[in-house]
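The values are calculated or read from the model by the stated rules, or taken from the named source; none is laboratory data. Since the structure is predicted, the reported quantities are computational estimates derived from the model, not experimental observations. A quick note on method: Cβ atoms are made from the backbone with ideal geometry, for glycine too, and the neighbour counts reach across all protein chains shown. SASA here: full protein model, heavy atoms, side chains in, ligands and nucleic acids out. Shrake-Rupley method; radii C 1.70, N 1.55, O 1.52, S 1.80 Å.
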Amino acid sequence: MNYIDTHTHLYDAAFEGKGLEAIERAVAAGVVKFVVPGTSSLDYGDVLTLCASAPGVAFPALGLHPEEVGAGWKDEIAILETQPFEKLCAIGEIGLDLHWSSKFEKEQTEAFKVQLELARERDLPVIIHSRDATEKTLNAIREVGGRGLRGVFHAYSGSAGTFREIMRLGGDWYIGIGGVVTYKKSNLPATLAEIPLEKILLETDSPYLPPVPHRGERNESAYIPLIAGKIAEAKGVSPEEVARVTSAGASSLFGI
C-alpha cells in the first residue's frame with residue numbers, strides 16, 4: 001500500500017534537523033509522498049531546503065498561518081509573493097484561528113483573502129487551517145468566490161453538515177484527517193461514515209497530534225497507516241482501498 005501524508009512539518013525543531021530520517025522511516029511504512037507546509041517567512045527556507053533534499057518525495061507549500069498574522073502581516077505577504085511558486089504544490093497553511101485570541105481577527109481575515117486570491121492567480125490549491133472559526137472561514141471563501149479555488153480543510157473536526165457546506169462553496173475541496181480520528185472521544189469516525197472516501201485525504205500534522213497508541217510522543221508520517229486503518233473501519237472498507245483512494249485524491253489536488 002502506498003500512502004501520501006498531505007500535511008507534515010518535517011522541518012520543525014522537534015525533528016532536530018533529522019526530517020530526512022523521518023521520511024525514511026515513513027517510506028518503510030508505505031508512505032511515499034509528503035506535502036510540507038510552511039507557516040511564515042521564518043520557515044520558508046527550511047521548507048524549501050528539506051524538499052529539495054527529497055525531490056519527487058517531499059513537496060513544499062508556503063503560506064502565512066493565521067497564528068502568525070499580526071500588525072505587520074502585509075510585509076509577510078510581500079515576502080510570500082517573492083517565493084518560487086513554480087516549486088510549490090500549494091499555498092498554505094492559511095486560514096483563521098480564533099482559539100486563543102480574536103485580537104487580529106480582522107487582519108487574519110484580510111490575510112486569508114489575499115492568499116486565496118494569490119492561490120487562484122497562481123493556479124495552486126490551498127491548505128486551510130480553521131480553528132474555532134468555521135463559519136467565518138467559509139464566509140471569507142464565499143466573499144472571494146469559490147470559482148477557481150480548490151484545496152483541503154486541514155485537521156478537519158467538523159460535522160457532516162459542515163462538510164456539505166464546504167461542498168457548496170464551488171471549486172474542488174477535500175478534508176484532511178489525522179491522528180484525532182483514533183482518539184477515544186473523537187466524533188470523527190461517525191462523521192466520516194457520511195462523507196465520501198473520495199473527499200478524504202490522510203495527514204499527520206507531525207510533529208503534532210499523534211494517533212493512538214503514540215499520544216504523548218512526537219508524531220511522525222510513519223504513523224499514517226494507523227490513521228488509514230481507523231478510517232477504513234469507519235467507512236467499512238479495506239485499508240488498501242483507503243490508501244488507493246486517498247492517494248489518488250492527493251495526487252490530483254496537489255499535482256504530485
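May I ask you to give the percent of accessible area on the stretch 15-102 that is carbon plus sulfur, with a probe radius of 1.4 Å?
Reported share for carbon and sulfur atoms: 52 percent.
In Å², and per residue, what accessible area does the stretch 8-149 have when probed at 1.4 Å with the other protein chains present?
It amounts to 45 Å² per residue over the stretch 8-149.
Per residue of the chain, what 222 nm ellipticity follows from adding -39500 (n - 2.57) for every DSSP H run with n ≥ 4, rounded to the nearest 500?
The helix contribution divided over the chain gives -12000 deg cm²/dmol.
Evaluate the distance, in nm, between pseudo-label points positioned 7 Å from the Cα of F85 and of K18 along their respective Cα→Cβ axes.
3.9 nm
Considering only protein heavy atoms, what per residue accessible area in square angstrom results for the stretch 177-251 with a 1.4 angstrom probe?
43 Å²
Probe radius 1.4 Å, ligands and nucleic acids ignored: give me the carbon and sulfur share of the accessible area of the stretch 159-256 as a rounded percent.
Carbon with sulfur: 52 percent of the solvent-accessible area.
Take the Cα of R168, step 7 Å along the line toward its Cβ, and report every residue of the stretch 91-134 whose backbone nitrogen sits under 18 Å from that point.
Under 18 Å, as judged by backbone N against the label point of R168, lie 134 of the stretch 91-134.
Say the cut-off is 20 Å between C-alpha atoms; which of K33/K87; K87/K136; K103/K136 go over it?
With Cα atoms farther than 20 Å apart: K87/K136.
Please list 181-191, 70-80, 88-98 highest first by mean number of surrounding beta-carbon atoms within 10 Å per residue.
88-98, 181-191, 70-80
Calculate the FRET efficiency for A71 and S159 from the Cβ-Cβ distance with a Förster distance of 35 Å, rounded to the nearest 0.05.
For A71 and S159, the calculated efficiency is 0.50.
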